[in-house]
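Here is the structure we will look at.
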């Protein structure tokens, strides 16, 4: 798809990033986000990138073939708890299920508290009806009952939206469909969501919360609609594509149907972009690490596809939304160091935020942060931070570290060394946890890292977990925007199965036929040409009654041999992850669900390939900084290079520091960095 | 500040993170490989890392109760196998009398970690297995009178010898447990978790060196000990006592605890506990310590790493041959439940009183009623499962009692615990339960009722009912506690709800089922219901914000009548509070209380009261202050007692007696503020028993005359 003009935008909390690609070159720009009206920030950023490209926004937009957007609109609604006032209609006798939240309790200030409930107990109405595990009607739903319940909720409780979710509706949706129909007929303008329409799978709590979340954020896309209108007026001729939490793109129509799928749009865009980086550079297994000001976000990419989870929590509410599995830890550049009551140093989760920020920013911060420590240790260049646009207060950072160190009998530099070590240990712990929940071995993985101070830490993370390689993409600072410009349309549909292996291949084949029809219809709706489509299937398999499944790809059509191979593949993968001793001969193997993934390949940005230059032409270091590498040894001089001087093919032995405009890459001793054909920096670690 | 440590503070913190990461990896492996819903849904499992001698270093998983039990298991394994313990060995034990865990079902899978031929650590993985053999499915047999009847009992034995699986032991295991295919899978999940953690620990130790590792983990534990001692030292020295009773039908088994706070040390004395009984609740000191010290740290030290250092400032006295320190052949299938939870609760109630008597204690922000551990309503069922094969399960939703109220908040529903860093058991989805078990759930809700009333009220327990669906009958065993004696509240809050099991029969109506019945049969047409107990309230219910009462009425938690009778709040049909009627009602209720009350135990000498003039005011109990040698109501200034008497000696007492058809009775005593009629404290005891709580800080008992 070379030659296409693609724009990707990522609306973040602080900045709106934009990437423009014409198929052979890319341009990037940043502009402050404007939460009161997202359009303003987006258009400002787009104007900047158009200028960089040598044209105007009005000149650029009509030529754009793809416009992708990562948006925090839904996330913001959840974070500020400003969604719709909801009513819930459910099976009588089970009205408390949603408020009780499966008994999950979270610790706040030392107390265990209930997670937030999207709907107040007094706005939950139970209807007399019951369906059993086989879908048989135990007690019929009376005609008019749902309408009456809705009238009560609307007239007496003033709800803005109603969710309907009955027990076992995924086995027999008759009652739920009828209830939804009655309510929609009575209140045609009311937003009504249904558990079985949105999430036809077992577990009533997750199904209900998924439908409730979609109702709760049901009006969050108004800002996006306004932006669409403005862009069209300015000449954009293609529809907007939105990055969803599952790591693909969706049309605005689909987003309006299932808005909650945008809840993790931003992080998903970054991981998706990493998966494109991985595919481009031939990496099959990657750990992505995004180190920002306040958090460390880690995710996995297997076979160039982001690892997802089918259930998890959205702002503390457990639900079943397919999401790129991102684990977030409160440790970033702005995290504060402190001394706990035992006299030990701790880092985070409290952060200095944007204001006052780290001490070295000189905006009134007094407590040392991770960034201050990196400056004191010599990793950051006080003269050339942000390309020299911001001078850093080295003395201030020194004083803050010395003050903290005094409390535990350490010098300022020792204290700074400790801050980095402890932050690193926490990041390693989070990364290990990510791998261990899946039984994966770090030695097979490449770390892909982005975000401001990521590459100063992640070489350490890679070394600690035993990953041999680190990759920093060329667009590391605006990677999420690139993801918005480059992700495929991704549709996902699943069918609950619950069959034991070996089973009749027809069961799976029939299910595939059903999913294929649904996905085809959806991709038609997304206007994806048949030639650009592909549909893959996978099954979730486990030993009977386990809670967690392994996902195994499934070929179609399904034959008896496929079924045999499936059971074998599952056992082999299980043994590989958890050890031969964990597998018991004769234990029943269950296929829990079949999932179809409909991919619509879109016009999209790609990384440009450049011819490699001779490594011998690697430029000399542009300078050197004294870096404290070991606590017990004096600082040693480390060569520093300007990224702008380095070309694909160049090779640098560690220790070295590679300074880019908005990030610095740490190449540790006994490792080597080179620039690959796609302008990514690859650090090879010798174990 | 010098810490006097051999390891620098950075290395220590880094090491802690690394050990925690390894513990988490082990725990993750268990959850992802286990089958039993008790493990995967209710999260009843743990991975513990211990030092080379079995001292607790780091625990992972949701059940911190296991951590010290793991330590005890390793001590027994070392004592049994000594020098023969080698690399690649894996040990199993499950007998509380001989090297096991909390009870026979909580097997302890233990693996020593060797580096360069030297033992440097241990991994212990534990989970609740669905069955370990014995008289009944699930191995909780209320009818058992000896441990021999209860379950297959493993002393510390090898599951693997130098890396070679001991297939004989697996064969014995398989031959003796029900649902052996499922249970073996869970057991193998524990072994897998051990292997994962073993490799990582070995690599970590190899990296930093055996000697430095040993030093560093000692330093880590020393720091926890030192800081916990500092916090204990801040508590008011003195003696604090609380008494509870474990029930078995109409029998009450006393569990008394006298806490002495002295300097930086806590001594919990269970002298006077009932002799060991022929019921499965007999316990062991290590189990009681495991529960109690975990609770202490939730109150005083949530922020400290929980390791063996936390156990050093605390000691327990559990007299031999009693229910808190039983010996074979005492049955012990619930060694961590009825009595052990009671023992931890009375210990914590005593400690709460010490906190309440300490001026400016940081822990005072967490003052709250007792935890709900001793109020479980678990039960097990067996019969023909949905596949047509024999099946059985424990209904873990019966563990979801309501939490006691805190001093500034209502208790959480289905919570049991209020003050903790991690949630505990979670409930099972109705659809998942119905897909696995041959039942149809009629309802599942937060139990309604005005139980545990208070300025802040208790949370509700789980209330659930179900009938047969997909089988012809089921056989049930009840494991109910607190059918008669509810959990108390604090600071004048009312006691909570008691546990109830009910069978609704189309012919005979509703009938109560005894809390330890082991012959329950669920037949077609019948509906089985359980109502979980709850903790107590905090503060007088008449002080509750009327708007909160109205909200509870609107949500169906409290009736209009209870709002008036219990809270003195008039709520109209639109759920609005009628302020003036409420004021009148509350005044009437207060004066009625004083009219109905028995007079105080002793009159106060006026010269003693006068001696308090000009003396500084110090806390004695929530709502009660000490000035000089006199205790006063903080609200009305009414004098209550003169040192060293119990502060309630000057309180008018309201007594309510509740008799049971079966013969026993319990008495609720409310100690009133003589100046207003507000409730200062509430006590619940078996009929004929004296006051069951005492707060006697030395500052009070030794107040100069």
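Against the list (1) under 30 Å from residue A:522 (Cβ atoms); (2) touching a helix residue (DSSP H, G or I) at 6+ places or on another chain (Cβ under 6 Å), the condition residue A:606 fails is (2). Among the numbered criteria (1) within 11 Å of chain B (Cβ to nearest Cβ); (2) within 18 Å of residue A:298 (Cβ to Cβ); (3) buried (at least 22 other Cβ atoms within 10 Å of the Cβ); (4) out of contact with any helix residue (DSSP H, G or I) (no Cβ under 6 Å at 6 or more places or on another chain), which one does residue A:431 miss? It fails just one condition, (4). Residues that are touching a residue at least 60 places away in the same chain (Cβ under 8 Å) and either more than 12 Å from chain A (Cβ to nearest Cβ) or farther than 30 Å from residue B:393 by Cβ (or both) within the stretch B:182-207 comprise B:198, B:200, B:201, B:202, B:204, B:205, B:206, listed in sequence order.
Could you say whether any residue in the stretch B:583-593 is at pLDDT 95 or above, part of a loop (DSSP other than H, G, I, E, B) and farther than 30 Å from residue B:384 by Cα? Looking for residues that are at pLDDT 95 or above, part of a loop (DSSP other than H, G, I, E, B) and farther than 30 Å from residue B:384 by Cα, one finds none in the stretch B:583-593, hence no.
Here's the yes/no breakdown for (1) part of a strand (DSSP E or B); (2) within 14 Å of residue A:217 (Cα to Cα); (3) without any contact (Cβ under 8 Å) to a residue 24 or more places away in the chain:
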residue: A:69; (1), (2), (3): yes, no, no
residue: A:83; (1), (2), (3): no, yes, no
residue: A:87; (1), (2), (3): yes, yes, no
residue: A:94; (1), (2), (3): no, no, no
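Would you mind stating whether residue B:446 is touching a helix residue (DSSP H, G or I) at 6+ places or on another chain (Cβ under 8 Å), under 17 Å from residue B:497 (Cβ atoms) and facing chain A (nearest Cβ under 8 Å)? Yes; evaluated as a whole, the condition is true for this residue.
Out of the stretch A:318-347, which residues are more than 12 Å from every other protein chain (Cβ to nearest Cβ) and in a strand (DSSP E or B)?
The answer is A:319, A:323, A:324, A:328, A:335, A:336.
Residues in the stretch B:560-619 that are within 19 Å of residue B:671 (Cα to Cα) and touching a helix residue (DSSP H, G or I) at 6+ places or on another chain (Cβ under 7 Å): B:566, B:567, B:568, B:586, B:589, B:590, B:600, B:601, B:602, B:604, B:619.
In the set A:113, A:154, A:106, A:138, only one residue is in contact with a strand residue (DSSP E or B) (Cβ under 8 Å, 6 or more places away or on another chain), modelled with pLDDT of 95 or more and facing chain B (nearest Cβ under 10 Å); that residue is A:138.
Inclusion of residue B:341 among residues that are surrounded by 19 or more Cβ atoms within 10 Å (Cβ to Cβ), within 18 Å of the chain's Cα centre (by Cα) and more than 30 Å from residue B:493 (Cα to Cα) is not warranted.
Among the strands (runs of 3 or more DSSP E) confined to the stretch B:663-705, the ones with at least 1 residues that are surrounded by fewer than 21 Cβ atoms within 10 Å (Cβ to Cβ) and out of contact with any helix residue (DSSP H, G or I) (no Cβ under 9 Å at 6 or more places or on another chain) are located at B:665-672, B:679-686. For residue A:672, the conditions (1) over 20 Å from residue A:373 (Cβ atoms); (2) in a loop (DSSP other than H, G, I, E, B) are fulfilled apart from (2). Where residues in the stretch B:32-47 are in a helix (DSSP H, G or I) and either facing chain A (nearest Cβ under 7 Å) or modelled with pLDDT under 70 (or both), which of them is nearest to residue A:575 (Cα to Cα)? So, considering only residues that are in a helix (DSSP H, G or I) and either facing chain A (nearest Cβ under 7 Å) or modelled with pLDDT under 70 (or both), the one nearest to residue A:575 (Cα to Cα) is B:33. Of all residues in the stretch A:224-238, those satisfying the criterion of being over 17 Å from residue A:10 (Cα atoms) and in contact with a strand residue (DSSP E or B) (Cβ under 8 Å, 6 or more places away or on another chain) are A:236, A:238.
If you go through the stretch B:255-272 and pick out every residue that is within 16 Å of residue B:345 (Cα to Cα) and in contact (Cβ under 8 Å) with a residue 60 or more places away in the chain, you end up with 8. Against the test of being more than 14 Å from every other protein chain (Cβ to nearest Cβ) and either at pLDDT 95 or above or not in a helix (DSSP H, G or I) (or both), the options B:88, B:82, B:59 yield a single qualifying residue, B:59. The residues of the stretch A:165-209 that are over 18 Å from residue A:261 (Cβ atoms), in contact (Cβ under 8 Å) with a residue 60 or more places away in the chain and more than 13 Å from chain B (Cβ to nearest Cβ), listed by number, are A:179, A:183. Residues considered: A:109, A:134, A:128. Of these, the only one that is more than 20 Å from residue B:443 (Cβ to Cβ) and more than 32 Å from the chain's Cα centre (by Cα) is A:134. Among the residues making up the stretch A:103-140, a single one is free of Cβ contacts under 8 Å to residues at least 12 places away in the same chain and touching a helix residue (DSSP H, G or I) at 6+ places or on another chain (Cβ under 7 Å): A:110.
Restricting attention to the stretch A:415-428 and to residues that are at the interface with chain B (Cβ under 8 Å from one of its Cβ atoms) and over 23 Å from residue A:476 (Cβ atoms), the residue that is nearest to the chain's Cα centre (by Cα) turns out to be A:425. Out of B:407, B:422, one residue alone is more than 7 Å from chain A (Cβ to nearest Cβ), within 19 Å of residue A:111 (Cα to Cα) and surrounded by fewer than 23 Cβ atoms within 10 Å (Cβ to Cβ). It is B:407.
Of the residues screened, residue A:586 is not one that is surrounded by 15 or more Cβ atoms within 10 Å (Cβ to Cβ), modelled with pLDDT under 90, within 14 Å of another protein chain (Cβ to nearest Cβ) and at positive phi. Residues that are within 14 Å of chain B (Cβ to nearest Cβ), in contact (Cβ under 8 Å) with a residue 12 or more places away in the chain and in a strand (DSSP E or B) do not occur anywhere in the stretch A:351-362. Across the stretch A:675-687, what is the total count of residues that are outside any strand (DSSP E or B) and either farther than 19 Å from residue A:444 by Cα or free of Cβ contacts under 8 Å to residues at least 60 places away in the same chain (or both)? Residues flagged as outside any strand (DSSP E or B) and either farther than 19 Å from residue A:444 by Cα or free of Cβ contacts under 8 Å to residues at least 60 places away in the same chain (or both) within the stretch A:675-687 amount to 6.
The values are calculated or read from the model by the stated rules, or taken from the named source; none is laboratory data. Since the structure is predicted, the reported quantities are computational estimates derived from the model, not experimental observations. Don't worry about glycine lacking a Cβ; one is built from the backbone with ideal geometry, like all the others, and counts go over all protein chains shown.
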